[in-house]
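Single-structure report; data block below.
The values are calculated or read from the model by the stated rules, or taken from the named source; none is laboratory data. For clarity, every value in this text was computed on a predicted model and none was experimentally measured. Here the Cβ positions follow ideal geometry from the backbone for every residue, glycine too, while neighbour counts run over all protein chains shown.
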């Protein structure tokens, strides 16, 4: 990124090739929507290019990238003015209706579909911290920098989010009719 | 160690990055507590499922758009190299520099002043004439730049780089004529490259108070198929409070073919009206 900051814009291509996959995965889980994740990922790289002069050689590039990704995702949610819901065709097949009892329509054995639904019903802040924490390239010190909180607070929030996700997941698995998470 | 304390520490056991002394005590407790073992197994299962969740691959569009964007930025830098020569990172002088820098600046100023006095004769009378001449030259250069921009804009069939250069040159005019605005609107409506359409819209946005611009943007809105450009167009008409845009926004908000974020943005803009 230092080379990009110095004017070698082609060097950003290497960073794109190395990081766009994990970034896209993070955004798919965060937004619950493939196209939205792609748009946000594109905006992240656009901002990298636009704000390359502000890049400081402090901490890892990944931490800076996820910091930008978090901002871009927040802008996306603000624009769409709605909490993310899974609308992938595969999700729609698994959950033909998002009304009460929708969990009954999910294939019981399809744990991943249930987990996607549980993740989408998790509070946005909890989902964000949980996904950052499960991304092993980032240390908790970097995560706390991204979230602008202390390391201890980041850990507590990540742990609490994992418990909450498990609770929603179990309620879905047992066909609880009014699963709403903490949203 | 109690069950409650152990359960507080359980997430640390899931995370290889977390190393704490309490973790070994928690493990000792786990060895003899079935309830805590079950809790740990549950959290491990959820975390593993989250880590191994199958994800779709991004479409080739992401890579194509990225490289197009880098190319456009390189072209923009080539046209205006000063824009990329910004300071790299914040300046944080050490404490002693705060004292040293003013003295050094004064010394340099004094040296420059005395050297200049000795090396060149005073030419106060010529200064005014020189400034006037420089101003004229500057105006001519600006005018030439705008003329080149107009001609490039009109060559819609030319290479994308030339068209982009044309848009950027036209965007520099503070008070563009109707002709220039017409050309920018044409680029917005008809240019096949989304980056150029976005740049054209950006150039037009500072002239949203002109009816010609609002009408042009409104005409481009139903033609646009790219969600990024659509969102920017919607932002434009919403910011301009152009009520004439309401029918077009309604159609977009209800269009099943439009991207979801576009439909949402159109609905939001309508709500603002």
What is the residue count in segment A:141-166 for residues that are surrounded by fewer than 18 Cβ atoms within 10 Å (Cβ to Cβ) and either more than 10 Å from chain B (Cβ to nearest Cβ) or more than 22 Å from residue B:45 (Cβ to Cβ) (or both)?
-> 7
Pick out the one residue from A:53, A:67 that is assigned to a helix (DSSP H, G or I), modelled with pLDDT of 75 or more, closer than 26 Å to residue B:74 by Cβ and over 15 Å from the mean Cα position of the chain (by Cα).
-> A:53
Per-region count, segment A:119-140, residues at the interface with chain B (Cβ under 10 Å from one of its Cβ atoms), part of a helix (DSSP H, G or I) and more than 15 Å from residue B:52 (Cα to Cα) | 1
Identify the residue in segment A:1-28 that is facing chain B (nearest Cβ under 7 Å) and over 19 Å from residue B:71 (Cα atoms) and, among all such residues, is surrounded by the most Cβ atoms within 10 Å (Cβ to Cβ).
-> A:28
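Every residue, every condition in (1) within 14 Å of chain A (Cβ to nearest Cβ); (2) at pLDDT below 85, yes or no:
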residue: B:188; (1), (2): no, no
residue: B:192; (1), (2): no, yes
residue: B:220; (1), (2): no, no
residue: B:223; (1), (2): no, yes
residue: B:227; (1), (2): yes, no
residue: B:246; (1), (2): no, no
residue: B:260; (1), (2): yes, no
For the subset of segment B:76-96 comprising residues that are crowded, with 16+ Cβ neighbours inside 10 Å and within 7 Å of chain A (Cβ to nearest Cβ), which member is modelled with the lowest pLDDT?
-> B:88
Residues of segment B:45-75 being surrounded by 15 or more Cβ atoms within 10 Å (Cβ to Cβ) and more than 10 Å from chain A (Cβ to nearest Cβ), in sequence order, are B:75
